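Note sheet for the following structure.
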C-alpha cells in the first residue's frame, strides 16, 4: 500500500497534467509553461519540477497518456462488432471522435501546435494503435499479406489524420458529422479498391 505522501504525489502529478491540458486547450501547446502550470494549481514552480524534471518530461507523459487513451477508445469501439466492415467503420469513427473530443491530447500526440512529435519515446504506445488497426484491417481484408496490410494501415491512418486535422484547423467545411462521414467513406473506398 502506498504511503500518504506517495498518494499525494500521484494526485499532484495528475493535477499538473490536467492543468497542462487545460492551458493547451485555451492557449495552445506552445504557451504551456511550468510557471503557468504552477500558477494554475497554486503551487510553486519548484514543486512542479520535483514531479517532472522539465517540460519535455511532462509532455512525454502526456503523449503516453494520449496514446493509451486513444488505443483504449479504439479497442472499445471495435469490440462492439463482429462484422469486419462494422469494425472498420467503428475504428474510423472512434479515431475522429478522439481527435475532436480530446483535441489537446491529439495535437500534442501528432506534433501540432509546434510541439515535436515524440516518436522514439512513445513508440510502444503508438504501436498499440497500429496493432489494433492491423487486426481490424486483417479481418476486413483476409486475402492481403502482412506487408499489404501494413500499407493499408498507414494509408488509413494518413487519411483519418488528414481529415481530422483539416477539420480541427477549420480548413474543412461542413459539420463534424459530415467530416466524420467523409473520413470513414474515404477509408472504406480505399479498402474496397484493395479488394480488386
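Of all residues in region 1-9, none satisfies being more than 19 Å from residue 111 (Cα to Cα), touching a helix residue (DSSP H, G or I) at 6+ places or on another chain (Cβ under 6 Å), assigned to a helix (DSSP H, G or I) and outside the structural domain of residue 111 (by TED's automatic domain parsing). Scan region 65-81 and tell me whether some residue there is farther than 28 Å from residue 181 by Cβ and within 16 Å of the chain's Cα centre (by Cα). Scanning region 65-81, I find at least one residue that is farther than 28 Å from residue 181 by Cβ and within 16 Å of the chain's Cα centre (by Cα), so the answer is yes.
Of everything in region 158-182 that is part of a helix (DSSP H, G or I) and out of contact with any helix residue (DSSP H, G or I) (no Cβ under 7 Å at 6 or more places or on another chain), the residue that is farthest from residue 94 (Cα to Cα) is 166. In the set (1) assigned to a helix (DSSP H, G or I); (2) surrounded by fewer than 17 Cβ atoms within 10 Å (Cβ to Cβ), the condition left unmet by residue 142 is number (1). Among the candidates 81, 95, the residue that is under 22 Å from residue 122 (Cα atoms) and either at pLDDT 95 or above or in a helix (DSSP H, G or I) (or both) is uniquely 95.
Is it the case, given these coordinates, that residue 133 is in the same structural domain as residue 68 (by TED's automatic domain parsing), under 17 Å from residue 102 (Cα atoms), surrounded by 15 or more Cβ atoms within 10 Å (Cβ to Cβ) and under 16 Å from the mean Cα position of the chain (by Cα)? Break it down stepwise before answering.
Working: in the same structural domain as residue 68 (by TED's automatic domain parsing): yes; under 17 Å from residue 102 (Cα atoms): no; surrounded by 15 or more Cβ atoms within 10 Å (Cβ to Cβ): yes; under 16 Å from the mean Cα position of the chain (by Cα): yes.
No: the conditions fail for residue 133.
Scanning region 28-71 for residues that are over 25 Å from residue 120 (Cα atoms), part of a helix (DSSP H, G or I) and in contact with a helix residue (DSSP H, G or I) (Cβ under 8 Å, 6 or more places away or on another chain) yields 35, 36, 37, 38, 40, 41, 45, 47.
The values are calculated or read from the model by the stated rules, or taken from the named source; none is laboratory data. Fair warning: this is a prediction, and the values are worked out from it, not measured in the lab. Positions of Cβ are backbone-derived with ideal geometry, glycine not excepted, and every protein chain shown enters the neighbour counts.
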